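Novice: Sharing a structure with you now.
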């Protein structure tokens, strides 16, 4: 027996569903890739990446056989790079442990790297038509409003209640459409701010709307102060090449390439910070020259302002003491090395391609790169 809420939700979905390239895709691999990409990333951003990814790695076997650097390069710009590394590891695990076939159940899917409860339920329902309810950010918000869940949505109690509500209204045999209908309702109508209640197919059922508290649901935790760090980076040039370092695979931006440097200590000057970091990371001494741009970026739990400088080696041959690898690269070839957003901005500036909108320095063409 389908509930009135589910019936009205599915009827609305049939008329208003978004047309997305992974919906109805015959290959479960494509559904899985899309769900990993969509973690903490907007649909509009994922669309282009998904298409390019499927051209570059058209099958699970292709992904498993790929080099991690190629995988990271295809992922560059999507952020949360641990997702790409986990996707790559999981593809190899499926090839080795599941004969190349993506497992179909939540219990098996959740054992794959990078797959949590939501992703497992989404893939099981969308790709394999399993009767599994899912709970992502959109679904969490809509359910919290429809049923006026007045406890923090991400608390253990809140999560238990919302998962229970999602499962309670699941129509047997229609889990894929049901989950996607909640997602689309949250994306198109029941938005975080100023929800379009007048257009909502479930307005008559919405307890938060009846009480006038729809914009206070879901209940969110108190925002914590986001730390800010000052960071430095060295553009070290020699014989027409610049030095870049590959970060260890475990940790933030793991496996990506960067211009060496690090976080300033309290009261430490930018120049002193950079000299110390290069000594600690590379075992070399440098002289710090002209500024090469100021770059700002927000990560999930902190923000940085990075000051880049043109530098020259004074003593010692750089060694990968804190990196997994080092390389001297022609500026024109930097595109071949996957990087995070800030380091990519520096590389583009070196190539004369960068926008200076967020930099306090003159355009790249006016800056010289020292060549020994």
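Novice: Pick out which of 194, 216, 130 has the largest mean-square fluctuation in a Gaussian network model of the chain, springs linking Cα atoms closer than 10 Å.
Specialist: Residue with maximal mean-square fluctuation among 194, 216, 130: 194.
Novice: Still on this structure, please answer the following. List the relative contact order of the chain as a percent without decimals, with contacts defined as Cα pairs under 8 Å and 6+ residues apart. List each step's numbers first, then the result.
Specialist: Numbers: 632 pairs, mean separation 54.6, N = 372.
Relative contact order for the chain comes out at 15 percent.
Novice: Measure nothing but the geometry: give the 0 to 90° angle between the long axis through the Cα atoms of 28-38 and the longest principal axis through the Cα atoms of the chain, rounded to 10°.
Specialist: With both axes taken from Cα atoms, the answer is about 70 degrees.
Novice: May I ask you to derive the relative contact order of region 1-136, considering only C-alpha pairs under 8 Å and at least 6 residues apart, and to give it as an integer percent? Show your work: numbers first, answer last.
Specialist: Values: 130 pairs, mean separation 30.2, N = 136.
Dividing the mean separation by the residue count of region 1-136 yields 22 percent.
Novice: Counting other C-beta atoms within 10 Å, which of 123, 342 has the fewest, and how do the rest follow? Before the final figure, lay out the partial values.
Specialist: Working: 123 30, 342 21.
The most exposed by this proxy come first: 342, 123.
Novice: Which distance in nm do the two modelled labels at residue 252 and residue 330 give, with both placed 7 Å along the Cα-to-Cβ direction?
Specialist: 3.4 nm
Novice: Which three semi-axes in whole Å describe the equivalent ellipsoid of region 84-150, each the square root of 5 times a Cα gyration tensor eigenvalue, listed largest first?
Specialist: They are 28, 13, 8 Å, listed largest first.
Novice: Here is a follow-up. Checking a compactness column here: for the chain, what do you get for Rg(Cα) / (2.2 N^0.38 Å), N being the number of residues?
Specialist: Ratio of Rg to 2.2 N^0.38 Å for the chain: 1.17.
Novice: What's the extension gain from residue 59 to residue 129 if we count 0.36 nm per residue and subtract their Cα-Cα distance?
Specialist: Working: separation 70, 0.36 × 70 = 25.20 nm, distance 2.05 nm.
Between residue 59 and residue 129, full extension yields 23.1 nm more.
Novice: Can you give the FRET efficiency for residue 268 and residue 11, using 1/(1 + (r/R0)^6), R0 = 56 Å, r = Cβ-Cβ distance, to the nearest 0.05?
Specialist: Details: r = 62 Å, r/R0 = 1.11.
The calculated FRET efficiency here is 0.35.
Novice: Between residue 304 and residue 2, how high is the FRET efficiency from 1/(1 + (r/R0)^6) when r is the Cβ-Cβ distance and R₀ = 51 Å? Nearest 0.05.
Specialist: 0.55
Novice: Could you check which residue among 99, 310, 180 shows the biggest mean-square fluctuation in a GNM of the chain with a 10 Å Cα cutoff?
Specialist: With Cα springs under 10 Å in the chain, the top fluctuation among 99, 310, 180 is at 99.
Novice: Report relative contact order for region 228-366 in percent, whole number only (criteria: Cα-Cα under 8 Å, sequence separation at least 6). The partial results should precede the final answer.
Specialist: Values: 290 pairs, mean separation 40.6, N = 139.
So the answer I get is 29 percent.
Novice: Just to be sure I understand the model, the point goes 7 Å from the Cα along the line to the Cβ. What's the resulting residue 69 to residue 41 distance in nm?
Specialist: 2.2 nm
Novice: Given a Förster radius of 35 Å and the C-beta distance between residue 154 and residue 280 as r, what FRET efficiency does 1/(1 + (r/R0)^6) yield to the nearest 0.05?
Specialist: 0.40
Novice: Also, quick follow-up: If you rank 112, 210 by fewest surrounding Cβ atoms within 10 Å, what's the result?
Specialist: Sorted ascending by nearby Cβ count, the order is 210, 112.
Novice: Measuring from centroid to centroid over Cα atoms, what is the spacing of region 11-25 and region 258-272 in Å?
Specialist: 49 Å
Novice: Using Cβ contacts closer than 10 Å as the measure, can you line up 184, 62 from fewest to most?
Specialist: 62, 184
Just so you know, all these numbers are worked out from the coordinates, no wet-lab data involved. Just so you know, these numbers come straight off a predicted model, no measurement behind them. We place every Cβ from the backbone using ideal geometry, glycine too, and count neighbours over all the protein chains shown.
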